[in-house]
Amino acid sequence: QVQLVESGGGLVQAGGSLRLSCAASGRTVSSYLMGWFRQAPGKEREFVAAISRIGGTRDADSVKGRFTISRDNAKSTVDLQMNSLKPEDTAVYYCAASTYYLSLTQDSYQYWGRGTQVTVSS
């Protein structure tokens, strides 16, 4: 079993950048498909990005070209670099781990962090 803790959220102006980090304990991130999801107020939680065990990545259309997911197996961390942030990126961002090979659906992820708030002001 793996425990996940997100960090790096905060308040930023539109056009700015933030880097979120997810630290795993219990088992290394190299054992899992890792993903980032987000939930805005009054909306369903949605997929943002995922990275497979071998480094393949998938991004949501809404963040393509702006967000980049990466992993550091030695540090057992997964980061989400967010550039050109928009007010509509405001949400709680969650890190998640899955035993699947590659999936974009949250039901496929068995382990979740508690989330970190990202607020983008206009």
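The values are calculated or read from the model by the stated rules, or taken from the named source; none is laboratory data. In this text the structure is predicted, and so the values were computed from the model without any measurement. FYI the Cβ positions are ideal-geometry reconstructions off the backbone, even for glycines, and counts take in every protein chain you see. For the accessible areas, the whole protein counts, side chains as well, though only heavy atoms, and no ligand, DNA or RNA atoms are used. Shrake-Rupley method; radii C 1.70, N 1.55, O 1.52, S 1.80 Å.
What FRET efficiency comes out for ALA60 versus ALA23 if R0 is 25 angstrom and r is the Cβ-Cβ distance? Round to the nearest 0.05.
0.65
Just how far, in whole angstrom, is region 33-49 from region 55-90 if you go by their alpha carbon centroids?
Cα centroid of region 55-90 versus Cα centroid of region 33-49: 12 Å apart.
Got a sec? Charge dipole of the chain, +1 on Cβ for Lys and Arg, -1 for Asp and Glu; which of ALA40, SER25, VAL92 is way out at the positive end?
Farthest towards the positive end: SER25.
How many angstrom separate the Cα center of region 100-119 from the Cα center of region 1-32?
Cα centroid of region 100-119 versus Cα centroid of region 1-32: 11 Å apart.
At 1.4 Å probe radius, can you tell me the per residue accessible area of the chain in Å²?
Per-residue accessible area for the chain comes out at 50 Å².
Can you work out ³J(HN,Hα) from phi for every residue in region 8-17, in order, using Karplus 6.51 cos²θ - 1.76 cosθ + 1.60 and θ = phi - 60°, giving whole Hz and x for Gly and Pro?
Along region 8-17, the couplings run x, x, x, 9, 9, 7, 4, x, x, 10 Hz.
Calculate, in nm to one decimal, what ARG53 and ARG114 gain on full extension: separation in residues at 0.36 nm each, minus their alpha carbon distance.
19.7 nm
Pick out, in residue order, every one of the GluC sites (Glu not before Pro) in region 1-96 that is DSSP loop and has at most 15 other C-beta atoms within 10 Å; say none if there are none.
Sparse-neighbourhood loop GluC sites (Glu not before Pro): GLU44.
Please state the relative contact order of the chain as a whole percent: Cα pairs under 8 Å, 6+ residues apart?
Result for the chain is 36 percent.
Over the Cα atoms of the chain, compute the convex hull volume and normalise it per residue, giving Å³.
Taking only Cα atoms, the chain has a hull volume of 88 Å³ per residue.
Give me a comma-separated list of calculated 3J(HN,Hα) values for region 32-41, in order, Karplus coefficients 6.51, -1.76, 1.60 applied at θ = phi - 60°, integers in Hz, x for any Gly or Pro.
So the J values, rounded to whole Hz, are 9, 6, 10, x, 10, 10, 9, 9, 8, x.
Please identify the trypsin sites (Lys or Arg not before Pro) of region 5-73 that satisfy two criteria: DSSP loop assignment and at most 14 other Cβ atoms within 10 Å. Which are they?
ARG27, LYS43, LYS64
For region 56-104, report the convex hull volume of the alpha-carbon atoms normalised per residue, in Å³, without decimals.
Normalising the Cα hull of region 56-104 by residue number yields 102 Å³.
Tell me which lysines have Cα within less than 29 Å of LYS75's Cα, excluding those fewer than 8 residues away on the same chain?
Result set, ordered by chain and number: LYS64.
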